[in-house]
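The values are calculated or read from the model by the stated rules, or taken from the named source; none is laboratory data. Nothing here was measured: the structure is a model prediction, and the numbers come from that model. Counting neighbours? That spans all protein chains shown, and the Cβs are built from the backbone with ideal geometry, glycine included. Surface accessibility is based on the protein's heavy atoms, side chains included, excluding ligands, DNA and RNA. Shrake-Rupley method; radii C 1.70, N 1.55, O 1.52, S 1.80 Å.
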Amino acid sequence: MAAQEAERLLADLSLREIGPAVMGGRISDLAVNEANPAHFFVGAATGGVWKTTNHGQSWAPVFDDQSTASVGALALAPSNPNILWVGTGEPQNRQSSPW
């Protein structure tokens with residue numbers, strides 16, 4: 001009976017991806033546009049780079065076309081916040097990310 005009750009309670013809910021949640025959920029770095037803090041990037045230890053323009057309410061992947069998903073460092077160019085430097089590799093390797 002408990003399974004049927006849980007199914008009934010969850011029937012109206014829908015799942016959605018809300019951003020950079022990966023194995024272990026480790027965010028290795030972030031880069032914030034100081035002129036507009038609603039815009040920032042996060043680098044995930046095993047999940048690439050994600051961008052938000054609404055304070056983290058929604059996210060878009062921006063590194064999916066690269067040959068590695070392992071990110072260890074991010075930096076916005078001081079001269080242009082539209083230029084993002086990405087350091088690949090994960091310094092805190094946990095057998096789920098490449099060096």
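The residues of region 39-54 that are open to solvent by less than 10 Å² (accessible area, probe 1.4 Å) and either more than 14 Å from A73 (Cα to Cα) or assigned to a loop (DSSP other than H, G, I, E, B) (or both), listed by number, are A45, T52. Among the conditions (1) open to solvent by 40 Å² or more (accessible area, probe 1.4 Å); (2) out of contact with any Ser or Thr (no Cβ under 7 Å at 6 or more places or on another chain); (3) at pLDDT below 80, the only one that P61 does not satisfy is (3). Residues in region 1-32 that are closer than 30 Å to A69 by Cα, part of a helix (DSSP H, G or I) and at pLDDT 80 or above: 0 in all.
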